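S.K.: Supplied in structure tokens, the structure appears directly below.
The values are calculated or read from the model by the stated rules, or taken from the named source; none is laboratory data. Quick caveat, the model's predicted, so the values are computed rather than measured. Note: ideal-geometry Cβ built from the backbone for every residue, glycine included; neighbour counts use all protein chains shown.
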Amino acid sequence: MDRLGADDFSNLVLLRAAGVMGIVLGADGGYLAERLQAYAATGGLPV
């Protein structure tokens, strides 16, 4: 898993399959906000 911000969010699918319940991120300014907006636009992942 090289990065969480893959354009297709496939790494988040892998984390969910592994049983990860949350991810803690530090201050990451504009990148984090941009990735969250892109994630929200896809409709998210069902739990």
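S.K.: Looking at the structure I just gave you, is Leu25 within 10 Å of the chain's Cα centre (by Cα) and at pLDDT below 80? Step through it out loud before you land on a result.
M.R.: Working: within 10 Å of the chain's Cα centre (by Cα): no; at pLDDT below 80: yes.
So Leu25 fails the test.
S.K.: Looking at the range 11-27 only, could you name the residues that are without any contact (Cβ under 8 Å) to a residue 12 or more places away in the chain and loosely packed, with under 10 Cβ neighbours inside 10 Å?
M.R.: Ala17, Ala18, Gly19, Met21, Gly22, Val24, Gly26, Ala27
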